[in-house]
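Only one structure is covered here, and it is reproduced in the block below.
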Amino acid sequence: MVTLTLSNWLETAPDWILSLPENLQRLLFQLYQTFIYQDRWTWFAQGLRITFIVTIGALILGIIIGLLVAMVRTAHDSQRMGKHNPVLGVLNVLCKVYLAVIRGTPMMVQLLISCFVIMVPKDDFGSLICGIVTLGINSGAYVAEIARSGLMSISAGQMEAGRSLGLNYGKTMRYIIIPQAIKNILPALGNEMITLLKDTSLVSVIMLRDVTKQAQNIVANTYQPFVPYVSLAVIYLVIVLILTKLLGILERRLRASDRR
Amino acid sequence: MIDVKNLCKSFGDHQVLKGVNEHIEKGEKVVIIGPSGSGKSTFLRCLNLLEEPTSGDIIFEGQNITSKVTDINLIRRKMGMVFQQFNLFPHLTVRENIKLAPVKLKIMTEDEADKRAIQLLERVGLPDKADSYPVQLSGGQQQRIAIARALAMNPDVMLFDEPTSALDPEMVGEVLEIMKELADDGMTMVVVTHEMGFAREVGTRVLFMDGGNIVEQNEPHAFFTNPKHPRLKDFLSKVL
């Protein structure tokens with residue numbers, strides 16, 4: 001197979017390119033190499049698919065874990081003086097250990113341990129699950145603290161009002177406290193989503209071909225790091241900007257009850 | 001209807017209620033007054049177990065509600081409560097505030113609850129506010145909605161915890177007016193308040209609490225014109 005070089009690319013290139021300055025020719029060549037040659041844009045597309053799957057999976061898992069941990073922690077902390085539920089006490093300690101360990105170690109290290117020591121996946125699908133679970137558990141710790149701040153931001157009077165109408169603890173949480181808490185934590189939760197999306201780039205260390213890994217693969221083929229890596233940055237940036245916009249719209253919707 | 005026996009409540013080392021005994025009949029309008037820190041709000045909040053008593057019994061309609069086997073959520077459906085800070089649900093419209101409990105507890109269908117909400121809003125004089133959010137209403141309007149919300153559960157007794165204390169002076173009247181109408185309709189009411197005029201006019205019995213106990217009680221006329229306990233005399237001389 002003939003390797004593609006600038007000179008043999010120029011032979012096949014349209015005339016208008018030949019009349020451009022040399023630096024620009026070089027840049028166009030690298031762009032061609034990165035995206036068009038051998039349909040490499042599909043590498044990015046496949047990588048993005050993995051990135052999105054991992055992000056969404058980890059996000060859902062993180063929110064579920066986070067909410068559960070936050071509810072245990074707030075329920076425990078809002079107990080009256082002198083009255084302690086022993087089950088809640090044990091759960092609370094477990095949650096605290098979880099938070100300490102996950103927030104106290106780097107995500108990279110967590111990925112390495114979970115995928116090379118604990119789960120040791122044998123195929124691509126196994127790696128994918130391993131990545132989702134690890135990032136989900138990691139994100140859950142941060143979501144837990146965000147959700148806890150949201151639950152604590154709702155005045156005790158709201159819980160009392162719900163309970164005084166005969167709603168039980170769970171229903172009051174579901175219909176009164178949590179909807180208000182979500183509104184308050186949306187900016188922080190959006191921040192966590194964005195962090196999570198970017199942190200999925202770490203899954204390349206566990207053999208997952210996410211968009212970062214694909215960019216590295218292209219560089220390994222072309223020996224030209226500039227265009228693939230800058231393109232990669234632009235791809236992340238665009239996704240984050242879109243996400244920020246969507247969150248802004250959602251936030252405005254939820255603020256409907258605040259207009260006077 | 002409500003029987004309170006030797007009710008004690010402590011917060012840590014601080015004993016707030018020191019063995020309160022009281023009996024409230026159906027149809028009575030009991031007004032509780034007293035200096036701050038006397039335990040009157042705590043007493044009221046114990047009646048529907050928003051505060052859990054340290055010891056003592058509360059019997060409501062023949063059921064001991066302090067017993068572990070009693071489902072307090074079922075009891076609370078029969079006891080409406082109105083708070084000093086209104087505590088409306090800010091993320092819901094007025095209509096949704098009123099409908100939430102009856103619908104989610106499957107006592108009414110959506111349509112029934114809707115009709116009931118409109119009917120209650122007319123009763124508190126705010127039929128045009130059904131689709132407003134609480135933040136758009138004045139304090140007095142919010143408190144009237146809070147009363148409507150409590151009434152939506154068709155309670156047997158209404159508990160009022162200083163319902164006018166957080167209001168601007170010009171809004172106190174509209175809330176007291178609604179409460180007076182409620183009293184005239186025969187609702188059993190227990191009201192903690194600083195409104196002596198309301199106590200005199202609407203109350204069938206006035207209790208004076210001080211230092212964690214009920215130190216004097218009487219029908220309103222005698223209560224205000226002929227107080228016996230020195231603490232009550234002192235208190236009335238300051239507030240009247």
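The values are calculated or read from the model by the stated rules, or taken from the named source; none is laboratory data. What you see is a predicted model, and the numbers here were worked out from it, not measured in a lab. Counting neighbours? That spans all protein chains shown, and the Cβs are built from the backbone with ideal geometry, glycine included. Just the protein is used for accessible areas: all its heavy atoms, side chains included, with ligands, DNA and RNA removed. Shrake-Rupley method; radii C 1.70, N 1.55, O 1.52, S 1.80 Å.
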*asked:* Show me the helices (runs of 4 or more DSSP H) found entirely inside the stretch A:1-111 where at least 3 residues are at pLDDT 95 or above and small (Gly, Ala, Ser).
replied: A:41-77
*Hey, does the stretch B:207-215 have a residue that's under 21 Å from residue B:165 (Cβ atoms), touching a residue at least 24 places away in the same chain (Cβ under 8 Å) and of a type in the set (S, T, N, Q)?*
no
*Specify the residue that is surrounded by the most Cβ atoms within 10 Å (Cβ to Cβ); the eligible residues are those in the stretch A:111-128 that are more than 11 Å from residue A:206 (Cα to Cα) and in contact with a helix residue (DSSP H, G or I) (Cβ under 9 Å, 6 or more places away or on another chain).*
A:119
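Condition check: away from every other protein chain (no Cβ under 14 Å) and within 21 Å of residue A:195 (Cα to Cα). Does residue A:75 satisfy that? It would help to see each step written out before you state the result.
Working: away from every other protein chain (no Cβ under 14 Å): yes; within 21 Å of residue A:195 (Cα to Cα): no.
So residue A:75 fails the test.
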*Filter the stretch A:135-159 for residues that are surrounded by fewer than 20 Cβ atoms within 10 Å (Cβ to Cβ), more than 14 Å from chain B (Cβ to nearest Cβ) and within 20 Å of residue A:172 (Cα to Cα) and give the result.*
A:149, A:152
*Can you name every residue in the stretch B:126-140 that is within 13 Å of chain A (Cβ to nearest Cβ) and either open to solvent by less than 10 Å² (accessible area, probe 1.4 Å) or part of a helix (DSSP H, G or I) (or both)?*
B:134, B:135, B:136
_Checking residue A:75 against (1) open to solvent by 80 Å² or more (accessible area, probe 1.4 Å); (2) under 28 Å from residue A:185 (Cα atoms): exactly one of these is not met. Which one?_
(1)
*Give the stretch B:141-170 a look and list any residue that's within 12 Å of chain A (Cβ to nearest Cβ), outside any helix (DSSP H, G or I) and of a type in the set (D, E, K, R), or say none.*
B:161
*Of all residues making up the stretch A:93-109, the number that are aliphatic (A, V, I, L, M), closer than 19 Å to residue A:67 by Cβ and open to solvent by less than 50 Å² (accessible area, probe 1.4 Å)*: 2
*asked:* Given (1) open to solvent by 60 Å² or more (accessible area, probe 1.4 Å); (2) within 14 Å of chain B (Cβ to nearest Cβ), identify the lone condition not met by residue A:173.
replied: (1)
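Could we say that residue B:149 is open to solvent by 30 Å² or more (accessible area, probe 1.4 Å) and either within 26 Å of residue B:108 (Cβ to Cβ) or touching a residue at least 24 places away in the same chain (Cβ under 8 Å) (or both) here? Explain how you work it out, then say what you get.
Values: open to solvent by 30 Å² or more (accessible area, probe 1.4 Å): no; either within 26 Å of residue B:108 (Cβ to Cβ) or touching a residue at least 24 places away in the same chain (Cβ under 8 Å) (or both): yes.
Here the answer is no, as residue B:149 does not meet what is asked.
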